[in-house]
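Okay, so here's the structure we're looking at.
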Amino acid sequence: MLYTEWNGEKLSALGMGNMRLPVLDGEDGKIDVEAAGEMIDYAMKAGVNYYDTAYGYHDGASERVLGQLLQKYPRNSFYLASKFPGYDLANMPKVKEIFEEQLEKCRVDYFDARVIIGLS
């Protein structure tokens with residue numbers, strides 16, 4: 001795997017987006033967890049350390065499944081980003097509530113915003 005230094009962190013040149021995970025019965029919100037797990041395991045073994053998801057991916061299931069699958073890896077072995085559903089202006093008064101929900105669904109205490117957007 002190729003890596004790049006970004007803001008003092010070593011990020012894999014390739015990241016894994018989780019917008020299009022395998023599904024069951026053609027239902028976008030019904031992720032094939034076993035197949036997705038094989039993909040995550042393969043990516044981790046290949047050295048991918050950046051994972052991206054969003055509140056609305058797979059009808060909200062992407063964050064939950066990604067959080068479940070990354071549990072077997074130490075938190076300091078990957079960087080994780082998720083995106084707020086700002087496309088729906090009705091969500092704007094609920095920023096804190098939705099953010100907390102995203103952390104819970106992803107089973108993490110923090111997202112790696114400092115690394116992702118270059119904050120110091």
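Residues in the stretch 59-87 that are among the acidic types (Asp, Glu) and either under 14 Å from PHE99 (Cβ atoms) or in contact with a strand residue (DSSP E or B) (Cβ under 6 Å, 6 or more places away or on another chain) (or both): GLU63 only. Residues of the stretch 85-102 that are closer than 21 Å to GLN68 by Cβ and not acidic (Asp, Glu): PRO85, ILE98, PHE99, GLN102. The condition (being surrounded by 14 or more Cβ atoms within 10 Å (Cβ to Cβ), modelled with pLDDT under 95 and of a type in the set (Val, Ile, Thr)) is satisfied by just one residue among VAL95, VAL108, VAL115: VAL115.
Would you mind stating whether TYR73 is farther than 11 Å from ASN18 by Cβ, part of a loop (DSSP other than H, G, I, E, B), of a type in the set (Ser, Thr, Tyr) and at pLDDT 95 or above? Yes; evaluated as a whole, the condition is true for this residue. Here is the figure for the stretch 68-82: residues that are within 16 Å of GLY15 (Cα to Cα) and surrounded by 16 or more Cβ atoms within 10 Å (Cβ to Cβ) total 7.
Please verify whether TYR73 is touching an Asp or Glu at 6+ places or on another chain (Cβ under 7 Å) and among the aromatic types (Phe, Trp, Tyr), treating the condition exactly as stated. So TYR73 fails the test.
One residue stands out among those in the stretch 8-36 that are in a strand (DSSP E or B) and in contact (Cβ under 8 Å) with a residue 40 or more places away in the chain: the one that is surrounded by the most Cβ atoms within 10 Å (Cβ to Cβ), which is LEU11. Determine, yes or no, whether GLY60 is on the phi > 0 side of the Ramachandran plot and in contact with a Ser or Thr (Cβ under 7 Å, 6 or more places away or on another chain). Taking the combined requirement at face value, the residue does not satisfy it.
The values are calculated or read from the model by the stated rules, or taken from the named source; none is laboratory data. Because the structure is predicted, anything quoted here is derived from the model rather than measured. Note: ideal-geometry Cβ built from the backbone for every residue, glycine included; neighbour counts use all protein chains shown.
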